[in-house]
Amino acid sequence: MSELKRELSVPPDVETNGGTEILRLFISSGAMSLSMQRAFAEPEAWGRLLAELAQQAAALYARETPLDAESALADIRIALDAALDQIESGQTPLN
């Protein structure tokens, strides 16, 4: 039997000001499932987006677990570097 689809709510500032969704990501049957669109003129902006996402994720762990944000961010960075190394060597990082 499949899980129910659980979605996040739209952030309040987007409800007020509008915005463009650029990434939708789910975990389904233990695997990542996503859709996205190119939102920036230059690919470097995705690097800044990934850094902001890492910071937000680290803060979430600090709020919800005993791990502090600095340690969580360090763990995220290590895993990201390892995954990028795997991609560069032709491997799929999530397998």
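The values are calculated or read from the model by the stated rules, or taken from the named source; none is laboratory data. Not measured: the values here are computed from a predicted model. Every residue, glycine among them, receives a Cβ derived from its backbone with ideal geometry; neighbour counts consider all protein chains shown.
Numbers for the structure displayed
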item: Of residues in region 38-72 being within 20 Å of Ala83 (Cβ to Cβ) and among the hydroxyl-bearing types (Ser, Thr, Tyr), the one surrounded by the most Cβ atoms within 10 Å (Cβ to Cβ); result: Tyr61
item: Candidate set from region 1-31 (those that are of a type in the set (D, E, K, R) and within 15 Å of the chain's Cα centre (by Cα)); member that is farthest from Asp68 (Cα to Cα); result: Glu21
item: Selection from region 32-57 of residues that are of a type in the set (Gly, Ala, Ser) and under 11 Å from the mean Cα position of the chain (by Cα); result: Ala51, Ala54, Ala57
item: From the options Ala83, Ala79, residue that is at pLDDT below 95, within 29 Å of Glu3 (Cα to Cα) and either assigned to a helix (DSSP H, G or I) or in contact with a Lys or Arg (Cβ under 9 Å, 6 or more places away or on another chain) (or both); result: Ala83
item: Qualifying residue in region 59-72 (condition: touching a helix residue (DSSP H, G or I) at 6+ places or on another chain (Cβ under 9 Å), polar (S, T, N, Q) and outside any loop (DSSP other than H, G, I, E, B)); result: yes
item: Scan of region 9-34 for residues that are part of a strand (DSSP E or B) and either touching a residue at least 12 places away in the same chain (Cβ under 8 Å) or hydrophobic (A, V, I, L, M, F, W, C) (or both), ordered by number; result: Leu23, Arg24, Leu25, Phe26, Ile27, Ser28, Ala31, Met32, Leu34
